[in-house]
Structures are given as C-alpha cells and as structure tokens.
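Novice: Before we start, here is the structure in question, set down as structure tokens.
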Amino acid sequence: MSVVWDDGLNTCGNPCPVVDRDTGIIHLLLTWNSGKIHESKIKSGFGEDSRRVFVSHSTDDGKTWTKPKEITAATKKKDWTWYATGPGAGIQLEKGKHAGRLVIPCDHKLRVHGDRSFRSHVIYSDDHGKTWHLGGIAPKAMVNECEVVELSDDRLLLNMRNYDKSIRARQVCFSKDGGLSWQNQHHDKKLIEPICQASIRRLRWPAKERPGVILFSNPASKNKRDKLTIRASYDDGATWKHSRELYSGGSAYSCLVIVKNQAIGNLYEKDGYKRIVFARLNLEWVENNQPMSRGYTIPTLDLSKQSHRQVIVDREKGQYLGHPTTVLLEDGKTILIVYPKGHGKGGIIYKRSSDGGKTWSDRLPTPKNWSTSKEVPTIHRVVDVMGKKRLIMWSGLYPARLAASEDDGANWSELKKVGNWGGIVVMGCLEALNTGKGNYMAMFHDDGRFFTEKPMRQTPTVFTLYKTLSKDGGLTWSKPQAILARSDVHLCELGIIRSPNGKQLAVLLRENSRRRNSYVIFSDDEGETWTSPRELSASLTGDRHTGKYTTDGRLFISFRDTTRDTPTRGDWVAWVGTYEDIAKGNEGQYRVRLMDNTNSWDCAYPPVEVLPDNTIVTTTYGHWTKGEKPYITSIRLKLCELDAMAKKKDFLKE
C-alpha cells in the first residue's frame, strides 16, 4: 500500500480513477478541503474554505503518482459548495464521434439547504487528461453519487443515488452528446436502494452471436445497507434480466471492474464497514442464480461386488496408502504407478506392472529425496522437440519439484525445485499442445497457502486455477499464470479432456465448497483463453476427474462421487458418455459404481489407462475394507461388458 496524497490535517479524498486505453495512463480525480471546516460549513467558490478539485496521474500502473494539480476553476461553478468526484470510477468512451473522451461522474451541492440541493454532473477531457472541463448536469435535483456507462447506440447513461424517499430506487438520465447535456431523468424502479452509492459497468459490447451486457452492483434493499446484489442487463439498462446476491449481510459502497477474460471483480464494504473485500465472479455466476439439479436420471451400473475385476496393487496393514497416478508406456502393457505413503503426503512409493495391470511388482527403489515429498505425486509421459522421450513426476506444495526419467522409469532423478512457486495437486493434468513439438501445458490450483513461500490466504478463501507451459518437452516450466480465481465456489483439481477433433480443450473442475455441482471450462486456442466456468450435470459431479477415450469414441471418466442426491455418494464411480455430452451439458449414457467406499468420502484419485485391446484399467485408493486403512486397487473392464449389463437393465437398485 502506498500514499497518493497527504496534506496533513486537510481532507484529500474522493479518488475516482479512469484508465486511458490509448496512453496507458491512469488519471485520478480527487477533491480537497480544509481540515478545519466540517462538510456542512463548506462555502461556495474556489477559496480555502471551499471544496476544490484536483487531478493526479500514474504512468506505471499506480506504483507512483504525480503531485495533484488543481482544476477547480474549469470543473466547478462558483455557487456550488460541496463537490465530490466519484465515488467509483470513470470511463473512456469507445464508440461514436466522442470516442476517446474521458468522463468522470461527480456530484455537487448548491447554496440552498436540504436534499433538493444535491445534483449529479460529469467532468470530461478530450485531450487525454491534459485539460478538464465541466460537462452536463442532471436535469433534476435530489441525486448525487453516480456512475456513467456507455450504451450501444452511443448514448451515455448516468445512474444516480436517489434522495427522494417516496421512491426508494435509483434515478437515471441520458446523454446524446457524450455527457455535455443530460435528459429524461426518472427512477429505475427495478434498482431498489436504501439511499447508497452503486456501481455500473459495461462487461461487453453486442456482437452477432451474443447481446451486450451491463452490470450493476448495490445493496438491493429499501431499508438497510445489506444484500449486496449484482445485476445484468442485456438491453442497455432498460431491464435487468438476471440478478444474484453476492453478500446477504451488511454491505454498502462497491466498485465493479472488468478484468482479463471477461472476469468480474467487485470491491465492496462489508459487515458494517468493518472490512473492504474484493470478490471475483463472472457472468455465469450472475446468470445461474438457481443451481443445477442436485441429482441425475441416467442409470447406474454396479461393479463393486464383481471381485474378479479387482486387482490389489498395494496393501500394508496399519499404513495409509493413497492418491495414486499411473502412466501407460508405449508398449501398451507396462504401467508405472506412484503414490504417497500417507494421506496426500509422505514418501513416494513406486511400482511397475508388465502385464497391463494384472500383476504388480514389489515396491521399487527410488531416489533418496523422494521420501521428502510433501504431497500427491503425479506422473506423465512427454516428448521434446528432438523426439527425446522421457517421463516426469511432480511433487507439489511449496516449492513444486520435478523428477525425470529417460529410460522408461528404470532410473529416476532426484526431485528438483522448478521455480519459486508451488500449489496443490501439482500437476493434476498435463496436455501436449498443438503449438509446436515439445510444447506442453500443465494445470493446478492453490488456495493461497502454497503458491508462495509465505502463505497468503485471503478471507473469504479464494481458489485460483493456474497454468504453466513447457517448450522443451517438460524439463523447464514457465511462471504459472492465473486463469481463474473465485471465492463463491471453490474450483480445483483440474482434469483435461481434448475434443475428438483436437480443436478444443475441456477442463473438468472439482467444486470444493460443495455449494454446487462440478464445473467445466473450455478453450478453443490451446489454453490461451478460457470460457467462464459452467456447472456440469449432477451425473458428472465429483472430485479429481480423469478421463480417456475408448476406440468407439466414448469417454470413460473416473472420479469420487460427491453428487448431492445420489445412492453412491463418497464411492469410487465412473461416467460413460461423449464429449458432446460435456459440451452440451447432457447427463451422458450411464454411471458405474466401481468400488463401495466404507468411508463417507475418502477415496478415488483415479487414473485411467486404456490398453490396445480396449481394456480400461483404472486405479485408486480407498477404504475398501471396513476398519482397515486405505489401500490401492485397480478395476479392469471393457465398455462392451458394461453395455451388455445396461441392455439387461442390470442397474443399481437404490
């Protein structure tokens, strides 16, 4: 935190920023008044006992600021007393003949007493902040704090705090000349308020395939400053089709901001002005005020009692064995497995199967510092630009570490630090990119505890999804880039599935707050940009999704069942369907209970391998025997066998 302006006992306040997209300069409009004078005693004019207007700017994204310059004479009338820039933020016009104009929302008070003396206005600059001028004034009084938004027909809308207590709703007016004059002032009765500031911001412009969106934030209550609500309009503020309560408790002033990839931020006062918090959300969150169905309608097949399918990979009396990952080698029959000796932590155990998972070796020797692993290990096959093949294994938390093998796992390196960062389940998924040979993307999440050496967990907790890139076949990795951060739902443990045509990536996401179903995001540009998260059908709701295609083009996705309305909650399950089902939000073909977990939740970080003969080998840990510690088991199956069961309607009886 840094100080922008300090003038001792005098009041320097009402900061209202606007970013000039042409120059990159942030202009900060401010006001000043003597600390010796109470607000009620401020006099009209431009003197020491009046309210005065200043501007500062930053050319380094707010790290440093220029000394504030006074612009009172150009932006205030002599008979005005009180004057405020903002609160909130200004805008730069993007359309029409006034494109490029900087517009700052303001309000003032005349010499007369009472609420009727309050009025909203704007100031503007047409020369990138070099000079500022007084713009238009709202036609009617009894309004003050305001924000402005640009409409799709080149008009501006001024949304204003309303002091007419007979109608507890916002007032609006419109400008056809870029803010030089305002007309048609009236109440927007949909936007109720308790007399408080609000924020309005354009999320996107109309396009052929979708409408434009304007967002609005305020305490949606007529009597109290609470129930902070986000609304969305698709017709330039004429109506507000969707709304969702962000916080039900005490909440007041707010400021919306649009960040990368159409994500939405909202800085707001919370809990009776005790805290100022920043919430991250997106349009889908606003639109999906009603959660998806808690249950599903597709049938469930039950393999849990078919012991001939079960292969015990490792079991040790009194020892917790958990969280495995596997990799199938090029010969189509050798499977390597790694897992921790403990719940998500502990020394790494390493085993090999040479017959497609039918039998497993004893525990194999590992490098010495594998015993220092702090979290779930994950193993992947990679190839560099020269065609050199290797295996890599990650170990997470801070710092993320990596081991490598260049002889199909016969010999491994020690775990080595990758960078000054870490995370949870590093790397839950890894995908070869179509951007060049040896190019890979890996993804993980963190909740603020492990990304940096010193924990930086926020309140409320924010779950952030990260991607990191390699251009040398997985030996070195870029500094992770955040692609999504949310506090309203806790999205984590990513699982990538590429579309059958290879042009799209889908990432299935665990929802760890258990407020909603699992989610999915999509990318059509090899992970450069991502769609907003969308809730999945309840049939795909679970933790740590891992999926593979079979030769008929269907998907087999294995996960821990966390569906809220299901007879297999907490069990190890699978979903069978198509990529199109995921893309369109369909339920899929059927579900499968693979194993009955005797614990209410603790099982299933389940890798999936598909052998050349279409046999699926999926492996995980769980409390498979009541009263015993978890151990590692594989299930072997073919989809044709499941199809035969489904044809006979041999379904799980609830």
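Novice: Enumerate the aspartates and glutamates that Lys274 could reach by cross-link, defined here as Cα to Cα under 15 Å, with residues fewer than 8 away along the same chain left out.
Specialist: By straight Cα distance, Lys274 reaches Asp226.
Novice: Roughly what would the spin-label model give for Lys78 and Asp525, points 7 Å off Cα along C-beta, in nm?
Specialist: If labels sit at Lys78 and Asp525, their model points lie 5.5 nm apart.
Novice: Name the residues whose placed amide hydrogens come within less than 5 Å of the amide hydrogen of Asn512, ignoring near sequence neighbours (fewer than 5 apart) on the same chain.
Specialist: For Asn512, whose amide H was placed from the backbone, the distant partners under 5 Å are His490, Leu491, Cys492.
Novice: If you don't mind, there's one more thing I want to ask. For the chain, what does -39500 (n - 2.57) per DSSP helix run (n ≥ 4), summed and divided by total residues, give at 222 nm, in deg cm²/dmol to the nearest 500? Don't skip to the end; give the middle numbers.
Specialist: Details: 4 runs with 24 residues, N = 654.
When only DSSP H runs of four or more count, the value is -1000 deg cm²/dmol.
Novice: Provide the packing ranking of 2-10, 567-575, i.e. peptides ordered by the mean count of other C-beta atoms within 10 Å per residue, highest first.
Specialist: Working: 2-10: 10.1, 567-575: 24.4.
For the peptides 2-10, 567-575, the packing ranking is 567-575, 2-10.
Novice: What FRET efficiency comes out for the pair Arg244/Ala482, r = Cβ-Cβ distance, R0 = 25 Å, nearest 0.05?
Specialist: Details: r = 23 Å, r/R0 = 0.93.
Efficiency, rounded to the nearest 0.05: 0.60.
Novice: Simple spin-label model, 7 Å along Cα-to-Cβ: Lys368 to Ala644 in nm?
Specialist: 5.4 nm
Novice: Quick one: Karplus J couplings for the range 462-479, per residue in order, coefficients 6.51, -1.76, 1.60, θ = phi - 60°, nearest Hz, x for Gly and Pro?
Specialist: 10, 9, 10, 9, 10, 10, 9, 10, 10, 10, 10, x, x, 7, 10, 9, 6, 4
Novice: Ordered by packing density, taken as the mean number of other Cβ atoms within 10 Å over each peptide's residues, highest first, how do 119-125, 410-416, 75-81 rank?
Specialist: Numbers: 119-125: 25.1, 410-416: 15.4, 75-81: 17.9.
With the highest mean Cβ count within 10 Å placed first, the list reads 119-125, 75-81, 410-416.
Novice: HN-Hα J couplings of the range 414-421 from phi, Karplus 6.51/-1.76/1.60, θ = phi - 60°, integer Hz, Gly and Pro as x?
Specialist: Going residue by residue, I get 5, 6, 10, 4, 8, x, 8, 7 Hz, with x marking Gly and Pro.
Novice: Separate question: With +1 on the Cβ of every Lys and Arg and -1 on the Cβ of every Asp and Glu, and nothing else charged, how large is the dipole of the chain about its Cα centre, in debye rounded to the nearest 20? All intermediate terms of the calculation are to be shown ahead of the outcome.
Specialist: On the way: 99 positive and 77 negative charges, 279 e Å.
Using Cβ point charges on Lys, Arg, Asp and Glu, the chain gives about 1340 debye.
Novice: Then there is this: Using only the alpha-carbon atoms of the range 1-65 as identical scatterers, what base-10 log of I(q)/I(0) does the Debye formula give at q = 0.17, 0.24 Å⁻¹?
Specialist: Taken in order of the listed q values, log10 I(q)/I(0) reads -0.65, -0.99.
Novice: For the range 202-343, give the magnitude of the charge dipole about the Cα centre (Cβ charges: +1 Lys/Arg, -1 Asp/Glu; no others), in debye to the nearest 20.
Specialist: Roughly 460 debye for the range 202-343.
Novice: Looking at the calculated P(r) for the range 501-621, what percent of the C-alpha pair distances fall above 21 Å?
Specialist: On the way: 2689 of 7260 pairs.
That fraction is 37 percent.
Novice: Volume per residue, Å³, of the convex hull around the alpha-carbon atoms of the chain?
Specialist: Values: hull volume 117.0 nm³, N = 654.
Enclosed volume per residue, from the Cα hull, is 179 Å³.
Novice: Follow-up. Compute the distance in nm between two label points, each set 7 Å from the Cα along the Cα-to-Cβ direction, one at Lys36 and one at Lys437.
Specialist: Those two pseudo-labels are separated by 7.9 nm.
Novice: Would you mind getting me the FRET efficiency between Lys97 and His186? Use the beta-carbon distance for r and R0 = 22 Å, nearest 0.05. Display every interim value, and only then the final one.
Specialist: Values: r = 26 Å, r/R0 = 1.20.
For Lys97 and His186, the calculated efficiency is 0.25.
Novice: I need two numbers for the range 193-289: Rg to one decimal and Dmax as a whole number, Cα atoms only, in Å.
Specialist: 13.1, 44
Novice: In 10 Å bins starting at zero, report the fraction of Cα pairs in the range 606-647 per bin as a rounded %.
Specialist: Binned Cα distances yield the sequence 26, 38, 28, 7.
Novice: Next up: Go through Lys305/Lys653; Lys63/Lys227; Lys416/Lys454; Lys548/Lys584; Lys95/Lys189 and tell me which ones have a Cα-Cα distance over 24 Å in this structure.
Specialist: Working: Lys305/Lys653 13 Å; Lys63/Lys227 34 Å; Lys416/Lys454 20 Å; Lys548/Lys584 19 Å; Lys95/Lys189 28 Å.
From Lys305/Lys653; Lys63/Lys227; Lys416/Lys454; Lys548/Lys584; Lys95/Lys189, over 24 Å: Lys63/Lys227; Lys95/Lys189.
Novice: Which order do Asp188, Asp446 fall in if you start with the one that has the fewest other Cβ atoms within 10 Å?
Specialist: On the way: Asp188 20, Asp446 29.
Ordered by Cβ neighbours within 10 Å, fewest first: Asp188, Asp446.
Novice: OK, next. Among 38-47, 460-469, 153-162, how do they line up from the highest to the lowest mean number of other beta-carbon atoms within 10 Å?
Specialist: Working: 38-47: 13.2, 460-469: 20.3, 153-162: 22.3.
With the highest mean Cβ count within 10 Å placed first, the list reads 153-162, 460-469, 38-47.
Novice: Which of the aspartates and glutamates could a cross-linker span from Lys341 if the Cα-Cα distance has to be under 12 Å and same-chain partners fewer than 8 positions apart are dropped?
Specialist: Asp314, Glu316, Glu375
Novice: On to the next question. Choose one of Met393, Ala220, Leu321: the residue whose Cα lies farthest towards the positive end of the charge dipole of the chain (beta-carbon charges +1 Lys, Arg; -1 Asp, Glu; about the Cα centre).
Specialist: Checked the options; the winner is Ala220.
Novice: Calculate, in nm to one decimal, what Gln319 and Lys417 gain on full extension: separation in residues at 0.36 nm each, minus their alpha carbon distance. Before the final figure, lay out each step's value.
Specialist: Working: separation 98, 0.36 × 98 = 35.28 nm, distance 2.84 nm.
The span from Gln319 to Lys417 would gain 32.4 nm if fully extended.
Novice: Could you estimate the translational diffusion coefficient of the range 92-163 from the Stokes-Einstein equation, with Rh from the Kirkwood formula over C-alpha pairs, at 20 °C and 1.002 mPa s, in whole µm²/s? Mind dumping the intermediate values first?
Specialist: Working: Rh = 12.9 Å.
Calculated translational D: 166 µm²/s.
Novice: Using +1 at the C-beta of Lys and Arg and -1 at the C-beta of Asp and Glu, which of Leu110, Phe651, Ala485 has the Cα lying farthest in the positive direction of the dipole of the chain?
Specialist: Sorting the options by dipole projection puts first Leu110.
Novice: A further question follows. Let's test the formula: R0 of 35 Å, r as the Cβ-Cβ distance of Ser354 and Val385. What FRET efficiency results, to the nearest 0.05?
Specialist: Working: r = 30 Å, r/R0 = 0.87.
Efficiency, rounded to the nearest 0.05: 0.70.
Novice: So for the chain, taking the charge dipole from beta-carbon charges (+1 Lys/Arg, -1 Asp/Glu), which of Asn159, Cys196, Ile635 sits furthest toward the positive end?
Specialist: Among Asn159, Cys196, Ile635, the one farthest towards the positive end of the dipole of the chain is Cys196.
Throughout, read-outs are computed from the coordinates displayed, never taken from laboratory work. Not measured: the values here are computed from a predicted model. Glycine also receives a Cβ, built like all others from the backbone with ideal geometry; neighbour counts cover every protein chain displayed.
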